[in-house]
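Notes follow the structure.
The values are calculated or read from the model by the stated rules, or taken from the named source; none is laboratory data. Keep in mind that what you see is a predicted model, and the values were worked out from it rather than measured. So basically every Cβ, Gly included, is an ideal-geometry build from the backbone, and we count neighbours across all protein chains shown. Ligands, DNA and RNA are excluded from the accessible area calculation, which covers all protein heavy atoms including side chains. Shrake-Rupley method; radii C 1.70, N 1.55, O 1.52, S 1.80 Å.
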Amino acid sequence: MNNHKIILTDVTMRDGMHAMAHQFSTDDMAIIAQALDEAGMDIIEVTHGDGLGGHSLQYGLAKHTDAEYLEAVSSKIKKAKLSVLLIPGIGTIHDLKAAMKYGIKTVRVCTHCTEADVSAQHIAFARENGLDTVGFLMMCHMISPAELVKQAKLMESYGANCVYATDSSGNLTPAGVTARISALREALSPAVQVGFHAHENLSLSVANSIAAIEAGAGRIDVSLAGLGAGAGNTPAEALVAVCRKLEIPVGADLYKLADAADKLVRPRMTHPVQVDGKSLMIGYAGVYSSFLLHAERAAARYGVDTRDILLELGRRKMVGGQEDMIIDVALDIANHVR
Ligand SMILES: C[C@H](O)CC(=O)C(=O)O
Ligand SMILES: [Mn+2]
């Protein structure tokens, strides 16, 4: 484990947007961003849940545009770095240039774990333009540590100064996290940081984040009250409390995070973000966490069980970007054609 301060990236207003069906208002974001900044959060990510350009029928319509969200939070952030997520193909370099007008300092270029090659231009552009440039390899439980290393090396070669193992479905156990993070830490240049993004679907987000830190991760994603897709992300306030117990250096203030989680985020939740029968199936079957609300809607529409849809999506190895397949699966189940 390194003794450097762990950099925390808050995703309440990005991954949390999935859980809110992308309906945070600009006022909600401004208030939460200010509280996070005052609590000493290192990096604050905003946008649609699927990143820049995510606002669409396929991924869900947001209440406001990316530009409106960025404008609302940028004046509230004094110390933290403002970050956006960009999935090449959903967002474009043009979208990134537009976001840069709002003073973003970090971009996380996000691909499925076997498709790092589609991030070459976006990562190179971000790095050339002086951004803290992070490669974000989603659904990393689907490939071995050695395969993940190959993809991470590609992102490093394009210019990423940090590469994340992203457990999008919350399917990994601590041993799986340790194997992936230590393989990345060993293979990447010491100048390139390793990060980890967890989901709570198997109730392991804090344990997995600690395993990642112990294996050499220097950046960890968190969210207030765990707000995020599926059963949510690593709760910021819980991770900071555990880090304090373990004497792992983190910058953020425990009371301020806990107050923001309790007073600002929980009251805004439209449903409890928790490990229940459905989100548990996501982790268990290895399904993309942001499929949860889409699957619930399809289940209600076609009169089938959400859990059956999720298990079938896992069996078919559907990944982010294949949201339209959720309807196909629901119809197949309804018509008994599985
Ligand atoms: C676009 C996704 O929501 C990115 C992410 O947070 C994940 O894969 O997990
Ligand atoms: Mn996520």
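Across all directions, the average projected area of the convex hull around the alpha carbons of the chain is 14.8 nm². Excluding ligands, DNA and RNA, the accessible surface per residue across the chain is 38 Å² with a 1.4 Å probe. Each 5 Å bin, from zero up to the one with the longest distance, holds this percent of the alpha carbon pairs of the range 38-150: 2, 12, 22, 22, 19, 14, 7, 3, 0. Remark: the Ser74-Glu128 segment gains 17.2 nm on full extension, using 0.36 nm per residue and subtracting the alpha carbon distance.
Only protein atoms count toward the accessible area here, which uses a 1.4 Å probe; on the range 206-254, the carbon and sulfur part of that area reaches 53 percent.
Couplings 3J(HN,Hα) for the range 241-253, derived from phi with the Karplus relation 6.51 cos²θ - 1.76 cosθ + 1.60 (θ = phi - 60°), are 4, 5, 4, 4, 4, 8, 6, 8, x, 9, x, 6, 8 Hz, where x marks Gly and Pro. Summarising the label geometry, the points placed 7 Å from Cα in the beta-carbon direction at Glu296 and Ala241 lie 2.5 nm from one another. For trypsin sites (Lys or Arg not before Pro), the sites in the range 40-149 that DSSP calls loop and that have at most 12 other Cβ atoms within 10 Å are Lys78, Lys79, Lys101. Be a star and scan the range 159-175 for residues whose amide nitrogen sits under 15 Å from the point 7 Å along the Cα-to-Cβ vector of Ala120. 159-160, by backbone N distance to the label point.
Using only the C-alpha atoms, the convex hull of the range 85-159 corresponds to 74 Å³ per residue.
Each label point was placed 7 Å from the Cα along the Cα-to-Cβ direction; for Ala146 and Gln23 their separation is 4.8 nm. Pairs exceeding a 29 Å alpha-carbon distance, out of Lys81/Lys153; Lys79/Lys150; Lys105/Lys153; Lys105/Lys317; Lys81/Lys245: Lys79/Lys150; Lys105/Lys317. Working note: Karplus 6.51/-1.76/1.60 with θ = phi - 60° gives the range 317-330 the couplings 6, 6, 10, x, x, 9, 4, 5, 5, 5, 5, 4, 5, 4 Hz, where Gly and Pro are set to x. For Tyr255 and Asp305, the difference between the fully extended length at 0.36 nm per residue and the C-alpha to C-alpha distance is 14.0 nm.
Note on Lys317 and Ala67: the model spin-label points, each 7 Å out from Cα along the C-beta direction, lie 4.1 nm apart. Counting other Cβ atoms within 10 Å, keep those with at most 12, restrict to DSSP loop, and tell me which trypsin sites (Lys or Arg not before Pro) in the range 158-256 are left. Passing sites in the range 158-256 do not exist. Taken over the Cα atoms of the range 60-110, the convex hull encloses 81 Å³ per residue. Please report the spacing between the Cα centers of the range 232-252 and the range 213-230 in Å, no decimals. Rounded to whole Å, the Cα centres lie 9 Å apart.
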